[in-house]
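Visitor: Starting off with a structure, shown below.
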Amino acid sequence: TKTISKCYVQVTGMTCASCVANIERNLRREDGIHSILVALMAGKAEVRYNPAVIHPSAIAELIRELGFGATVMENCGEGDGILELVVRGMTCASCIHKIESTLMKTNGVLYCSVALATNKAHIKYDPEIVGPRDVIQVIKDLGFTTSLVKKDRSASHLDHKQEIRQWKRSFVVSLVFCIPVMGLMIYMMVMDSQLSDAHAHHNMSSEEMEARHSSMVLEYQLLPGLSVMNFLSFLLCVPVQMFGGWYFYIQAYKALKHKTANMDVLIVLATSIAFVYSFVILLVAMAEKAKVNPVTFFDTPPMLFVFISLGRWLEHVAKGKTSEALARLISLQATEATIVTLGPDNVLLSEEQVDVELVQRGDIVRVIPGGKFPVDGRVIEGHSMVDESLITGEAMPVTKKPGNTVIAGSINQNGALLISATHVGADTTLSQIVKLVEEAQTSKAPIQQFADKLSGYFVPSIVAVSVVTLFAWIIIGFVDFEIVEKYFLGYNKSISAAEVIIRFAFQASITVLCIACPCSLGLA
């Protein structure tokens, strides 16, 4: 007997089915080549040849002569079929041994491992020799019941609905509380500028008196040291910190647990420090029964959360759009196939309905009018028109007669066809397209990887800068108080110099943290 080897050749430059036919037709004529199967989407040719007559490099050369690029693929494990089964009825280790040893003896099974705990069997096989149905039959003959691990056809991993919902909620909560905070802030600013104008002229008219009076309403102290303004800001800030920032806290905690620092860590740091600092300062002011209201940062967390949760929400909406296209593609796949057994002269002997995953290469599949083609294959018998618009975009049906190729997922229109399966499972054109789109989504652009790497250093360095700022200002303040006085406008002469310095230092360092958050949006 001739020994037959198998090799895989990566083929580039194929544009359509006629390229595939061209390569297959020309190579079949060559000496020593037993069979050839080309997959267009994967850009891969599987060649069975006689090593005594021809070498893989010569095969690649033949394809190159036809005007395509071709390289021999080294890792030939690509063509192995992988099967995941659920096996019921196993009781002990000897059952496992029985299944494994019997399967390994089966011709074409390359690897097999069975786990008793999960009831799962993982099998690698050569699709040229055996197929999933044969393997299942072997296990059934041993007295166990077995079924395929159900693939999730709904593609729920592509569904971003839940994330979209959660970020939208987060954004809305932050926004609802952010608007009043911003309103209060702008109002205070306007009033302050009017007051300073009035002070400059020393002659206050009645309107200015009123302006002063109304800004006093916000400055009015409910308790000594607690103004209406600060109290309202505090009330509005708490729900944002709790509900708006909930997801950020979870993400940040997870990141820190793995000893990494990401955007969320920065956001949480900035908002928490601003919140806690403001809260503590309020408590101190109340304890001191201060006459002048302290400067707080309650406006920072709501505004940060609004911008960032809006960003996240939009990002997930965009992701959802591309994933939707993928999910639609996946839904085009047929779920079942009708496999027929043919006798001499193509007489139908029997037919059975099986799961698409169980169709083996070389099976004869019957497709009725209006049915979807479950796998890629070649027509053996019958004439029909087929709608292949899902792949080609061509609205007109294409005529199919014996010898033509058909594509999985396309729709048979008016005649019943018998096809011989050539590409099954993950090798069908549709599966390959889905795989390509998935890969395109999961792979990162080089610039994105660079940004991710940067943000790894970005967070710690910002925190460091912020700490440096804090200590630098404390030192400057104690050495030369006048500099702080010059920059820290509007502080009250009644508080001690030390307190002024520390407050100013904190203000500066928190500002660094808060400003760096949107900056990482820039990185993104």
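The values are calculated or read from the model by the stated rules, or taken from the named source; none is laboratory data. All values reported here derive from a predicted model rather than from experimental measurement. For neighbour counting, all protein chains shown are included, and Cβ atoms are generated from backbone atoms with ideal geometry for every residue, glycine included. Protein only, heavy atoms only, side chains kept; ligands, DNA and RNA dropped before computing areas. Shrake-Rupley method; radii C 1.70, N 1.55, O 1.52, S 1.80 Å.
Visitor: Taking interchain pairs and intrachain pairs at least six residues apart, which have beta carbon atoms under 6 angstrom, with the first residue in region 408-434 and on the phi > 0 side of the Ramachandran plot and the second not aromatic (F, W, Y)?
Guide: Short answer, once both residue conditions are applied: G409/L332; G409/Q333; G409/L390; G409/L430.
Visitor: For region 310-321, check the following and say yes or no: at least one residue is more than 28 Å from F458 (Cβ to Cβ) and either exposed (fewer than 15 other Cβ atoms within 10 Å of the Cβ) or modelled with pLDDT under 80 (or both).
Guide: Yes, region 310-321 has at least one match.
Visitor: Can you name the number of the only condition in (1) part of a helix (DSSP H, G or I); (2) within 21 Å of R361 (Cα to Cα); (3) of a type outside the set (F, W, Y); (4) touching a residue at least 12 places away in the same chain (Cβ under 8 Å) that S147 fails?
Guide: (1)
Visitor: Could you please give the count of residues in region 405-421 that are surrounded by fewer than 21 Cβ atoms within 10 Å (Cβ to Cβ) and either of a type in the set (V, I, T) or within 22 Å of V347 (Cα to Cα) (or both)?
Guide: Total meeting the criteria: 7.
Visitor: Can you name the residue in region 237-291 that is assigned to a helix (DSSP H, G or I) and touching a strand residue (DSSP E or B) at 6+ places or on another chain (Cβ under 9 Å) and, of all such residues, is most open to solvent (accessible area, probe 1.4 Å)?
Guide: M286
Visitor: In addition: Going through V228, V190 one at a time, which residue ends up being surrounded by 15 or more Cβ atoms within 10 Å (Cβ to Cβ), modelled with pLDDT of 75 or more and closer than 29 Å to A270 by Cα?
Guide: Exactly one of V228, V190 is surrounded by 15 or more Cβ atoms within 10 Å (Cβ to Cβ), modelled with pLDDT of 75 or more and closer than 29 Å to A270 by Cα, namely V228.
Visitor: Let me ask something additional. Here is a check on your reading of the model: is K444 open to solvent by 50 Å² or more (accessible area, probe 1.4 Å), assigned to a helix (DSSP H, G or I) and at pLDDT below 80?
Guide: Taking the combined requirement at face value, the residue does not satisfy it.
Visitor: Take the residues of region 422-440 that are in contact with a Lys or Arg (Cβ under 8 Å, 6 or more places away or on another chain) and of a type in the set (A, V, I, L, M): which is most open to solvent (accessible area, probe 1.4 Å)?
Guide: Only one residue tops the list, namely A426.
Visitor: Residues that are at pLDDT below 85: find the strands (runs of 3 or more DSSP E) completely inside region 41-98 holding 2 or more of those.
Guide: Output list reads 81-88.
Visitor: Against the conditions (1) open to solvent by 50 Å² or more (accessible area, probe 1.4 Å); (2) within 19 Å of V20 (Cα to Cα); (3) in a strand (DSSP E or B); (4) in contact with an Asp or Glu (Cβ under 7 Å, 6 or more places away or on another chain), where does P402 fall short? Just the number, please.
Guide: Here P402 clears every test but (3).
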